[in-house]
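Here's the structure, in structure tokens; my notes come after.
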Amino acid sequence: MGTPEAWAARIAAIRGGMAAIPGAGLTTLPGVGHIPPVEAPRAMAAVIARLAGTAPAP
């Protein structure tokens, strides 16, 4: 999946883009690959619940 340096560069690029989006955030799940709901369902559910709690009412 790439070297630690390559991942650090990707994360840095993502954070740079986030600076242009008000309210943007990044959540990482260490040790989780391409399918978070399968690999870490509880952690993914917690992320979704947290995000749902911050969404404005329709």
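The values are calculated or read from the model by the stated rules, or taken from the named source; none is laboratory data. Everything quoted here is computed from the prediction, not taken from an experiment. Please note: Cβ atoms are built from the backbone with ideal geometry, for glycine as well, and neighbour counts cover all protein chains shown.
For the reader, a short list of remarks on this structure follows.
- Residue list for region 33-52, restricted to those being modelled with pLDDT of 90 or more and assigned to a loop (DSSP other than H, G, I, E, B): 35, 40
- Number of the condition not met by residue 23 [criteria: (1) assigned to a loop (DSSP other than H, G, I, E, B); (2) in contact (Cβ under 8 Å) with a residue 12 or more places away in the chain]: (2)
- Look at region 44-57: where a residue is under 22 Å from residue 30 (Cβ atoms) and touching a residue at least 12 places away in the same chain (Cβ under 8 Å) and a partner is among the β-branched types (Val, Ile, Thr) and in a helix (DSSP H, G or I), sitting 6+ places away or on another chain with Cβ atoms under 9 Å, you get 44/38.
- Hey, residue 57 surrounded by 11 or more Cβ atoms within 10 Å (Cβ to Cβ) and in a loop (DSSP other than H, G, I, E, B) or not: no
- Region 13-34, residues that are loosely packed, with under 10 Cβ neighbours inside 10 Å, more than 12 Å from the chain's Cα centre (by Cα) and hydrophobic (A, V, I, L, M, F, W, C): 19, 20, 21
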